[in-house]
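Participant: Quick one: the structure is below, questions incoming.
The values are calculated or read from the model by the stated rules, or taken from the named source; none is laboratory data. Since this is a predicted model, take the numbers as computed values, not measurements. Glycine gets a Cβ as well: all are built from the backbone with ideal geometry, and neighbour counts include every protein chain shown. Please note that ligands, DNA and RNA were not included when accessible areas were found on the heavy atoms of the full protein model with its side chains. Shrake-Rupley method; radii C 1.70, N 1.55, O 1.52, S 1.80 Å.
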Amino acid sequence: MCGIVGYIGNRQAAPILLEGLSKLEYRGYDSAGIAVYNGERIDMVKSKGRLKVLSELTHDGEKLPGTVGIGHTRWATHGSPSDKNAHPHFNKEGSIVVVHNGIIENYLKLKKKLQKKGYEFVSDTDTEVIAHLLDYYYTGNPLQAITKIMHRMEGSYALGIIFKAHPDQLFAVRKDSPLIVGHTDGGNIIASDVPAVLKHTREVYFIENEEIVQMTENTMEFFNVDEEPIEKESVRIEWDVNAAEKGGYEHFMLKEMYEQPKAITDTFSPRVKDGRIVIDELNMSDEEIKAVKKIMIVACGSAYHTGVTSKYVFEGLARIPVEVDLASEFRYRNPILEEGTMVIVISQSGETADTLAALRESKKQGARVLGIVNVVGSSIAREADNVMYTWAGPEIAVATTKAYSAHLIALYLLAMKFAYTKGCIDDSDLADMLEDLKALPAQVEMLLNNKERIQKFANRYLAAKDIFFIGRGIDYAISLEGSLKLKEVSYIHSEAYAAGELKHGTISLVEEGTLVVSVLTQKDLFKKMISNMVEVQTRGAFVMAVTMEGNTEAERAADYVIYIPETNKYFTNSLAIIPLQLLGYYVAVGRGCDVDKPRNLAKSVTVE
Ligand code: G6P
């Protein structure tokens, strides 16, 4: 998704913009640009491709002198990735310049109106409409022009804006796309996300919907859409600056896999007190918990897979029916949210457009919405009735690993809390489960340390055409994520199947040597899984099994076995996913793929 950085202060803007944009690369982009006011006019350089190209074109920013500027990394939505569609965008005279993250949904209508008034467009973007619309409404007062366009635009936007006639000011505004501002030594900075400003400041303001910021070198004022001043409080960011950097690992993905033990500990330990699960942020009395008749879990991508896992956990432990839905489906299927239904939305970024829309739809229908979110202060975190943060820290690799693991922990805790409150588990069950939870970080670490073995195995499958993942129950949910991890980073086609479903079609795809990864962590399903593994093995498949220590029977139907340590049957996902993450990672590395930024993907999908 697009990234925005803006700076006004007493230092050269361009190097700050380039450095800030580099910290937003994880969001995914296909072109980049910067614009800087040089004392006479606004100069702009933009180009398709990586930031490196922009740095070269601008001699690391030296070619664009000036102390106020805006920069952008673009992930194409309207108009192909190209120099002309890259941001920033100008009005005709080059006196107003804009960068934008989001989508202006009524841009065609606005474009036609502007064209009738003589405005000419040089790009295919919705953003250019904003520059011309500002021009149309600007009569000397920038704030007034901004609020006027806010009344005309439908859709989502975070904007950074410079008016040549007001070179000592920088403006920013947002609606449904993230934006933060921070005060630095000798200046102010705006950005789409925290890593871009951490080098300069730890005190940031999260801009809310339809809020405007007007900045000078030393001042920062906030306004609402009626141009009325508003007060805002800053939030202190406690992340370590290094947490947003690669810290010695070859890729962010590997680094973040290694941060999983910590992410797991940080997510559960503050919520376990004196042998009890305490989730203050849930803000639900025991009576309210007991009154929950049904849970609907809504999310996208890997977050959706944690939802699929937790269906088995909630239903098994707390005997509450759970429906899990993809947010993009949920929001348009007129969902039925009867009284007693609790909605849980899960999102690493807290900005996924479909998940946010599902949250809003649920609230509109009167349901109570709990957000399980990693990014503090994100849109979902702010709009949900209650938020349970996973404390995984910033995740940079597009393919999620540590946030996925932290989400699982949050969901286990929640299911255990519900089960205990409802009397489905007693003190001794709870104590046993908490012991198993506490053991997970060390067990994950042990599995990660086995990485060389998986790397060797992965190297045998670098040329694979198709890979299948099968499992039953929770193991099916693990297979879904294992398959997604592998395909999204390695570009090898893979599919996950409920093992029992295999013979209803998919088995015809199995050929001599096809890799079938079988997950069997559930004791009561071992035998059934072994039958399914034999079925594919006799048809020529090479079977890799991920199973529990002691289940040597798996070797009967598998050519290669990875053992995971004993844990509670509801927590096996947290362990079994580790070798599968490593498999995906090493296949991608072996194939020379751009592991942290797989083609066509974005970390934070803020369009539907
Ligand atoms: C993108 C990412 C996935 C992620 C999904 C949902 O597709 O590439 O890794 O699982 O969005 O993102 P969220 O931030 O809502 O968890």
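Participant: Quantify, in whole percent, the carbon and sulfur part of the accessible surface of region 1-77 (1.4 Å probe; protein heavy atoms only). Don't jump to the answer; show the numbers that get you there.
Facilitator: Working: 1320 of 2690 Å².
Roughly 49 percent of what the probe reaches on region 1-77 is carbon or sulfur.
Participant: Turning to a different aspect of this structure: Under unit Cβ charges (Lys, Arg +1; Asp, Glu -1), what dipole magnitude, rounded to 20 debye, does the chain have relative to its Cα centre?
Facilitator: Numbers: 68 positive and 83 negative charges, 281 e Å.
For the chain, the charge dipole is close to 1360 debye.
Participant: If you project the alpha carbons of region 242-449 onto the principal axes, what extent comes out on each, in Å, largest first?
Facilitator: Per principal axis, max minus min of the Cα coordinates gives 51, 42, 25 Å.
Participant: Accessible area per residue for region 39-194 in Å², computed with a 1.4 Å probe and the full protein assembly in place, what is it?
Facilitator: 39
Participant: While we're looking at this one, here's another question. Just to be sure I understand the model, the point goes 7 Å from the Cα along the line to the Cβ. What's the resulting L108 to S80 distance in nm?
Facilitator: Label-label distance for L108 and S80, simple model: 2.0 nm.
Participant: Let me ask you something else. With every protein chain present, what is the per residue accessible area of region 242-449 (1.4 Å probe, Å²)?
Facilitator: Numbers: 7510 Å² over 208 residues.
Roughly 36 Å² per residue, with all protein chains present.
Participant: Express in whole angstrom the spacing between the alpha-carbon centres of region 329-352 and region 563-608.
Facilitator: That distance is 25 Å.
Participant: In square nanometres, what is the average projected area of the Cα convex hull of the chain? Don't skip to the answer; put the middle values down first.
Facilitator: On the way: hull surface 110.1 nm².
If I average the Cα hull's projected area over directions, I get 27.5 nm².
Participant: Among the aspartates and glutamates, select those whose C-alpha is under 18 Å from the C-alpha of K364, and discard any that sit fewer than 8 residues away in the same chain.
Facilitator: List returned: D176, D325, E329, E338, E339, D354, E383, D385.
Participant: May I ask you to evaluate 6.51 cos²θ - 1.76 cosθ + 1.60, the Karplus curve with θ = phi - 60°, for each residue of region 413-421 and list the ³J(HN,Hα) values in order in whole Hz, giving x for glycine and proline?
Facilitator: Running phi through 6.51 cos²θ - 1.76 cosθ + 1.60 with θ = phi - 60° gives 4, 5, 5, 5, 4, 5, 4, 5, 4 Hz.
Participant: Whole-Hz ³J(HN,Hα) for each residue in region 560-571, computed from phi via Karplus 6.51 cos²θ - 1.76 cosθ + 1.60 with θ = phi - 60°, x for glycine and proline: what do you get?
Facilitator: Result, rounded to whole Hz: 8, 10, 10, 9, 10, x, 5, 7, 4, 4, 7, 9.
Participant: Now for a separate question. Counting heavy atoms of the protein chains only and a 1.4 Å probe, report the per residue accessible area for region 450-597 as a whole number of Å².
Facilitator: Values: 5360 Å² over 148 residues.
Per residue, region 450-597 has 36 Å² of solvent-accessible surface.
Participant: Each residue of region 512-525 in turn: what ³J(HN,Hα) in whole Hz from Karplus with 6.51, -1.76, 1.60 and θ = phi - 60°, glycine and Pro shown as x?
Facilitator: 4, x, 4, 7, 10, 8, 10, 9, 9, 10, 9, 3, 5, 10
Participant: May I ask you to derive the FRET efficiency for R276 and E549 from their Cβ-Cβ distance with R0 = 45 Å, giving the value to the nearest 0.05?
Facilitator: On the way: r = 30 Å, r/R0 = 0.67.
So, using R0 = 45 Å, E works out to roughly 0.90.
Participant: Provide the packing ranking of 492-498, 507-513, 151-157, 300-306, i.e. peptides ordered by the mean count of other C-beta atoms within 10 Å per residue, highest first. All intermediate terms of the calculation are to be shown ahead of the outcome.
Facilitator: Numbers: 492-498: 19.1, 507-513: 13.0, 151-157: 17.1, 300-306: 24.9.
Descending mean neighbour count gives 300-306, 492-498, 151-157, 507-513.
Participant: Which of the lysines could a cross-linker bridge to K527, judged by Cα under 28 Å and excluding same-chain residues fewer than eight apart?
Facilitator: Answer for K527, where 28 Å is the Cα cut-off: K311, K485, K503, K569, listed by chain and number.
Participant: If you don't mind, another one. Do any GluC sites (Glu not before Pro) in region 313-377 lie in a loop, going by DSSP, with at most 16 other beta-carbon atoms within 10 Å of their beta carbon, and if so which? Please report the intermediate quantities before stating the final value.
Facilitator: Details: sites: E315, E323, E329, E338, E339, E351, E361; in loops: E338, E339, E351.
Those satisfying the criteria are E338, E339.
Participant: Continuing with the same structure: Length gain on complete extension for the stretch E315 to R360, per 0.36 nm per residue less the alpha carbon to alpha carbon distance?
Facilitator: Details: separation 45, 0.36 × 45 = 16.20 nm, distance 2.54 nm.
Contour length minus the Cα-Cα distance gives 13.7 nm.
Participant: Something else now. So which trypsin sites (Lys or Arg not before Pro) in region 57-142 end up in coil per DSSP with only 13 or fewer other C-beta atoms within 10 Å?
Facilitator: Details: sites: K63, R74, K84, K92, K109, K111, K112, K113, K116, K117; in loops: K63, K84, K92, K117.
Loop-located and lightly packed - K63, K117.
Participant: Please give me, ordered by residue number, the trypsin sites (Lys or Arg not before Pro) of region 300-377 that lie in loop per DSSP and have at most 12 other Cβ atoms within 10 Å.
Facilitator: Values: sites: K311, R319, R331, R333, R360, K363, K364, R368; in loops: R319, R331, R333.
Answer by residue number: R319, R333.
Participant: So, one more: How many percent of the accessible area of region 107-163 is carbon or sulfur, using a 1.4 Å probe?
Facilitator: Values: 1150 of 2380 Å².
Reported share for carbon and sulfur atoms: 48 percent.
Participant: Take D185 and E501, extend 7 Å from each Cα along the Cα→Cβ direction, and tell me the distance between the two endpoints in nm.
Facilitator: 5.7
Participant: Now for a different question. Would you work out the charge dipole size for region 242-449 about its Cα centre, treating the Cβ of every Lys and Arg as +1 and the Cβ of every Asp and Glu as -1, and quote it to the nearest 20 debye?
Facilitator: On the way: 22 positive and 30 negative charges, 78 e Å.
The calculation lands at about 380 debye.
Participant: Can you tell me the relative contact order of the chain? Whole percent, Cα pairs under 8 Å, sequence separation 6 or more. Mind dumping the intermediate values first?
Facilitator: Numbers: 1366 pairs, mean separation 70.8, N = 608.
For the chain, the relative contact order is 12 percent.
Participant: Moving on to the next point. Over region 242-449, with every protein chain in place, what whole percent of the accessible area is carbon and sulfur at 1.4 Å, could you tell me? Don't jump to the answer; show the numbers that get you there.
Facilitator: On the way: 3660 of 7510 Å².
Exposed carbon and sulfur together represent 49 percent of the surface.
Participant: Mind checking the full-extension length gain between D429 and N449? Use 0.36 nm per residue of separation minus the Cα-Cα distance, one decimal, nm. All intermediate terms of the calculation are to be shown ahead of the outcome.
Facilitator: Numbers: separation 20, 0.36 × 20 = 7.20 nm, distance 3.05 nm.
That works out to 4.2 nm of additional length.
Participant: Which value results when the Cα radius of gyration for region 433-531 is divided by 2.2 N^0.38 Å?
Facilitator: On the way: Rg = 15.0 Å, N = 99, 2.2 N^0.38 = 12.6 Å.
This ratio for region 433-531 stands at 1.19.
Participant: Region 94-138: percent of C-alpha pairs farther apart than 15 Å?
Facilitator: On the way: 346 of 990 pairs.
Roughly 35 percent, once rounded to a whole number.
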